[in-house]
Structure formats: C-alpha cells, structure tokens
Amino acid sequence: MCGIVGYIGSKPAKDIIITGLKRLEYRGYDSAGLAILNGEPLIYKCKGKVHDLEEMVNAGNAEGTIGIGHTRWATHGEPNETNAHPQVSYRDNFIVVHNGIIENYGRIKRHLEGRGVTFASQTDTEVLANLIEHLYLEGDLTAEQAITMALSRVEGTFGIVIICRNEDDKLFAARRGSPLVIGVGNNENFIASDATPIAEHTQRVIYLNDDDLAIIQRDQMSLKNTSNLWVEPDVQEIDFEIGEIDKEGYEHFMLKEIHEQPRAIHDTFRGRIMPDRSAIRLGGLHNVMSELTNADRILIVACGTSWHAGLLAEYIFEEYARIPVEVEYASEFRYRNPIVRKGDIILAISQSGETADTLAAVRLARERGATVLGICNVVGSSIPRETSAGVYTHAGPEIGVASTKAFTTQITALAMMAFEVGYKRGVLDESCYSALINELTAIPDKMRKALQSNNLVEELAARFVNSTNALYLGRGYLFPVALEGALKLKEISYIHAEGYPAAEMKHGPIALIDENMPVVVVAPKENTYDKIISNIQEIKARKGVVIAIVTEGDDVISKIADHVLEIPETLPVYSGLLAVIPLQLLSYHVAVMRGCDVDQPRNLAKSVTVE
Ligand code: AGP
C-alpha cells in the first residue's frame, strides 16, 4: 500500500528518489518523505503528495548520494507529517521507511516504553525503528545484527529500507509479505517496492524473497536468506520498457490504459495460439495440465476487479470446460475455514500479485494440499512466486488505480485456459474450439471500434455528472461486467453505484427506480436478450433513465432505452470484453467532469498489500 525508493551511488539521490516516488504514487499518496545522508541526515516529510514533498526538498539543500523515500497509504496513524516516513529511531541512529503492518507493534511499544523509550508518532514503523535502536545500543550490536534480531521479533508484514548513520556507506533492506526489488547499476544500486522506478536506470533486478536481508553498497551487495546464509543474488531482467510507464500524451494513466487494451489483449494471446489457429498452448500451465483436466473443482480467489474477472471465468469454465467452479472473495475464503481437497485447483487472480488477502488465500490453499495457480500481471510478484504454475497477463504496467486493461487481459487469459482445458477434456469440439480461437484474434480490432464511442460517451457523461446513485444491470456473461462497471464509477467518481443480475431487480432494487436514477443495462445480443428487454421495459414503466450497451445495429432496445451505446457483434463469451469499454469510458469522463483525481482516487491505492 505504500511506495518505497532507495538509492546509493554517485548521483544526487533526491532527484532519483522523487522521480521514483512519483512512479510509485499509485501505491499510496496521503503523505510522503525522504532522507538524504550527507554527513548529517537531511529529512523532509509532508502530508500530501510527492509534488508537495518535491517543492519542500527543492527549497532546501538536500545534497547527497545516498537516500531513501516513501509515499504512504496510512495504516497506523492519520496522514500527517509526524506519521509520514522516514521514521527515525530515538537516538537518531536508524532511519526507516516501511511498507506493511507490524501486527505486534503494541506489545513491542509497551516493552520499549517500559525501558524509557519515547515515541513521536502513532506508527508501527517507529516502533520497529526504536526496537532496532534499542537492540543496537543495549546489545552493542552491528546494524545488521540489530536489524536481524529486531525482525525476528516482529509479527506481520514488512518491506523496509534502512539507513544507519554510523554505517553510512550502505542501505539495509528486508521483506516479509511486502515486495522489494533491487535495481543493479554500475557503481550504483537502487531499491523500490516494484520495478517501475528502476526501469529508467537499469533493466537488471533482484526480487527479494520473504525474510531475505540485503546489504546494498555502491559497488557491491550481499544477500542473506531465511536460513541466515549469504547467497548469490539471482539477477533477472525487467520485462517492460520505461515508455510503458509514462502517460504518452494522455491526460491520465487510466485513459491511456483503456486505450491500450487492444494491444494488451493481443499481447496476452500472442504466442499462445498455434500459428494455424488450431489450438491454444499456455506454456505456464504445461506442468499442471493433468491436474487441471482431472480437476474435481476450480476455486477462484481474488479481490475487487479481479474477483469480477473470476466470476466471469466461472461462466466460461463451466460452459466450455465443464468443471464446477466457485468464486470467493479472498478475504472471506482465508478466514472461514474452507473445505479444500487434493483434487481442487485454486486459481488466484491478481493484477499486482501482491494483494494481501489473495496471497494469504494462496498460502492457506497450499497448506491444505490443493494445486494453486496464479493469473497475474506483475512478473516476479509474490503470488506467481508462491504458486506452482500460472499465466501472466501481458497487459504491461497498470498505473491507474482503477483496473482496466488488467480486467480484460485476465478474462482473455482465463478464457484461453478454459478452452484449452475443455478441448483436452474432450468436452469442447474441434469446430467450436476453432471458432473461439478465430474470434479471439478479432477482438483487438473490435475493441478499437468500441473505443471510437469515446466522444459519445463523454457527451452522455455530462448528463450524469451530478447523479448520486446508479444501477448497473446485466445477465449471464454480462452480470460480472455490470458489477465491474459499477465499481469503476464508484471508485473514481465517488458516485454510489451497484451492479445486479438484471432479473434480480424485481427482488428489491426496483424500489429505487425513479426519474433520478440512471440505470446502465449491459444488453448485447446473447441468449437472454429477450429477457433483458423486459427488464428495460420494467424500468421505463417506472420512469427510470436507461443507458443501454447494445450490439451495433440493435433496432429493438434502441427504440425503448433513453441512451444507447453500441459495441461490435461478437460471440457471447467475448461480449464482456467489448461491453466493458463504454463502461470504463463512462466512469472516466464522469470522474473527470466531477474534478476527481482519476489516477489516484481518494482513500484507495493500487496494490492492497495490507489486510
Ligand atoms: C479495481 O479497479 C481496484 N483497483 C481494486 O478493486 C483491485 O482490483 C483489487 O484491489 C485487486 O487488486 P489485484 O488485482 O492487484 O489483486
């Protein structure tokens, strides 16, 4: 939930850290700070965003070539300067930035207070800094020994980078449950919560594992693993270019990422469909294909938009692979003592690969003997590293907090998975398999056509910018899309919106319908089309205002709905990939017209790495 950047080299650290924090601001943005070591540590902290911190730093003289920075999403202690990171220990020897939650911080704090240690902030991070300080002074330990001992006493999650004033030629870094990536340069090294701040400096990275401790100097680095052994770091290459994390002329990352979807879908199926289009081959599932084709059940765990993709996957898997599927919120699954059997496949869906509840669900399922797979977008993130196999969506970095291309590439990957498994199980015949593959290759162009409705959607958005509520309805494959459309609107425009199965309206929500309630009905041509026409008529009979997403050329709904947005015709299974486009654009334009911060909506963060 927070962003961390550290640098040690020969260049001015402040510029590298500030630029890096801006690239991580999607992870949290209620306060920010940095420390530069130049003999004495120079510390700058503020409530607000990184550009506020930048102004503060540029007004000072933060010269130095080693430093650490942090952009925060508050967990303990309100967003203010005191609680912003870095946090400094009580004798000023340790300067700490932290992403995660120290669960037993209260007990440690009371222990330290009993020994006369005082605290300035309400944060769990300051407790960790003071514990390190206490052990360092009391035990006459080295910084590495004090940090190692302190972390052995901590329960919870952390990604931390630490400066010790008395060992000012190195950075210390450690992680448990919150990601950290080291960037390997020439006589300079970088560290960050993910690879996006590193990509412009180096393509060589080291993904830290849980309970690794790294000691990073300008020209060398040592890495100690969970067994307390010094190991050779595993240097990998970043899988994206720096250009992918710039707005490239778009006003917001979200708009750029909405328009990137045709390319992202293509990149997700490219190389996974045989050249003769006769079959799908997901290499990442090769070693678990027999478990998949013989699965008793698939249990999907995810959060938010990824959960919506999972719900749509349920419809696809049961239709084309004929395997029973259940979809669970990861946060519910992990705490309800679920029944998980050896023949179960657990499928974790996560764009970031770091969502705490989803990661916990993965760990629980593994403990109970299930085969656990991941559908993730961020290469090298925790979930892919803790599952036995999986499929990466090739959406590229998704910076906007509101998930868009991640959703459509997740559906693409999940659909390909269902088709390949269904064909191998002998329940999907050759002609249907081939038709599905051919139509999938046509989706990027059909998405480009759907994106052409942008101006029409923008005009429509102006009519609803002052709405206080909205209802989204869909049936079949379009019910999860209705849920997704509602989530998009509420999370970036702050208008309350709910998604429902269209037939469910009669069981309560219809009481909400009046002339002030916009109702978005996702109604492309598919097998429940006639039913949804009745639903629209029920809404119109109660003066509801209907915005209908329809298949181009629709001449029935276009006569009864108040507003119509067309999408190209496609197979029902892919209708959600196209219908979600106008919903994404609608939420985007309403949010912009309401003056909301589209890429960094209030109270949210891109990667929910805390529970
Ligand atoms: C969706 O727009 C939100 N950003 C949020 O619901 C997100 O989908 C959820 O936090 C799950 O994130 P993940 O896919 O990285 O696990």
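Between D210, D194, the distinction of being of a type in the set (D, E, K, R), in a loop (DSSP other than H, G, I, E, B) and surrounded by fewer than 19 Cβ atoms within 10 Å (Cβ to Cβ) belongs to D210 only. When L512, L478 are checked against the criterion of being surrounded by fewer than 17 Cβ atoms within 10 Å (Cβ to Cβ) and more than 16 Å from the ligand (Cβ to nearest atom), a single residue qualifies: L512. Quick check, is K543 on the phi > 0 side of the Ramachandran plot, loosely packed, with under 15 Cβ neighbours inside 10 Å and charged (D, E, K, R)? So K543 fits the description; yes. Taking segment 320-359 as the range and being among the acidic types (D, E) and in contact with a Leu (Cβ under 8 Å, 6 or more places away or on another chain) as the test, the residues that pass are E326, E328, D344. Say whether the condition of being assigned to a loop (DSSP other than H, G, I, E, B) and more than 24 Å from the chain's Cα centre (by Cα) is met by at least one residue in segment 428-444. The answer is yes; a qualifying residue exists. Scanning segment 197-207 for residues that are in contact with a helix residue (DSSP H, G or I) (Cβ under 6 Å, 6 or more places away or on another chain) and more than 15 Å from N99 (Cβ to Cβ), we see that the one that is surrounded by the fewest Cβ atoms within 10 Å (Cβ to Cβ) is E200.
Can we say I532 is surrounded by 23 or more Cβ atoms within 10 Å (Cβ to Cβ) and away from the ligand (no atom under 16 Å from the Cβ)? Yes; evaluated as a whole, the condition is true for this residue. Could you look through segment 481-506, keep only residues that are within 13 Å of the ligand (Cβ to nearest atom) and basic (K, R), and pick out the one that is surrounded by the most Cβ atoms within 10 Å (Cβ to Cβ)? If we take residues in segment 481-506 being within 13 Å of the ligand (Cβ to nearest atom) and basic (K, R), then K488 is surrounded by the most Cβ atoms within 10 Å (Cβ to Cβ).
Residues are listed down the side, and each one gets a yes or a no for (1) assigned to a helix (DSSP H, G or I); (2) of a type in the set (S, T, Y); (3) in contact with a strand residue (DSSP E or B) (Cβ under 7 Å, 6 or more places away or on another chain); (4) more than 26 Å from G422 (Cβ to Cβ):
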{"position": "E257", "(1), (2), (3), (4)": "yes, no, no, yes"}
{"position": "I265", "(1), (2), (3), (4)": "yes, no, no, no"}
{"position": "V288", "(1), (2), (3), (4)": "yes, no, yes, no"}
{"position": "E291", "(1), (2), (3), (4)": "yes, no, yes, no"}
{"position": "A309", "(1), (2), (3), (4)": "yes, no, yes, no"}
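Any residue that is in contact with a strand residue (DSSP E or B) (Cβ under 7 Å, 6 or more places away or on another chain), among the basic types (K, R) and not in a strand (DSSP E or B) - is there at least one of those in segment 244-253? Looking for residues that are in contact with a strand residue (DSSP E or B) (Cβ under 7 Å, 6 or more places away or on another chain), among the basic types (K, R) and not in a strand (DSSP E or B), one finds none in segment 244-253, hence no. Restricted to strands (runs of 3 or more DSSP E) entirely inside segment 337-419, those with at least 1 residues that are within 16 Å of the ligand (Cβ to nearest atom), surrounded by 23 or more Cβ atoms within 10 Å (Cβ to Cβ) and within 11 Å of the chain's Cα centre (by Cα) are 344-350, 371-376. The set of residues from segment 270-280 being in contact with a strand residue (DSSP E or B) (Cβ under 8 Å, 6 or more places away or on another chain) and in contact (Cβ under 8 Å) with a residue 40 or more places away in the chain comprises R272, I273, A279, I280. For beta carbons closer than 6 Å, sequence separation of 6+ or different chains, a first residue in segment 87-100 that is at pLDDT 95 or above and a second that is part of a loop (DSSP other than H, G, I, E, B) and surrounded by fewer than 24 Cβ atoms within 10 Å (Cβ to Cβ), the qualifying pairs are Y90/V117; N93/R165. Within segment 39-56, residues that are in contact (Cβ under 8 Å) with a residue 24 or more places away in the chain and more than 14 Å from P86 (Cβ to Cβ) sit with their Cβ atoms under 8 Å from residues that are crowded, with 20+ Cβ neighbours inside 10 Å and hydroxyl-bearing (S, T, Y), at 6+ positions apart or across chains, in these pairs: K47/S31; K49/Y29; K49/T71; V50/Y29; V50/T71. Pairs are defined by a Cβ separation below 6 Å, a sequence spacing of at least 6 or placement on different chains, a first member in segment 322-346 that is farther than 9 Å from A361 by Cα, and a second member that is of a type in the set (D, E, K, R); the pairs so defined are P324/R297; V325/E314; V325/E318; V327/E314; V340/R368; G343/D296; D344/R297. Kindly check whether there is at least one residue in segment 186-200 that is at positive phi, within 23 Å of the chain's Cα centre (by Cα) and small (G, A, S). Taking every residue of segment 186-200 in turn, none turns out to be at positive phi, within 23 Å of the chain's Cα centre (by Cα) and small (G, A, S).
Among the residues of segment 316-327, are any in contact with a Lys or Arg (Cβ under 9 Å, 6 or more places away or on another chain), acidic (D, E), under 25 Å from G474 (Cα atoms) and within 16 Å of the ligand (Cβ to nearest atom)? No - not one qualifying residue is present in segment 316-327. When the residues of segment 585-611 are filtered to those that are closer than 21 Å to Q261 by Cα and of a type in the set (V, I, T), the one that is surrounded by the most Cβ atoms within 10 Å (Cβ to Cβ) is V590.
The values are calculated or read from the model by the stated rules, or taken from the named source; none is laboratory data. No experiment lies behind these values; they were computed from the predicted model shown. Glycine also receives a Cβ, built like all others from the backbone with ideal geometry; neighbour counts cover every protein chain displayed.
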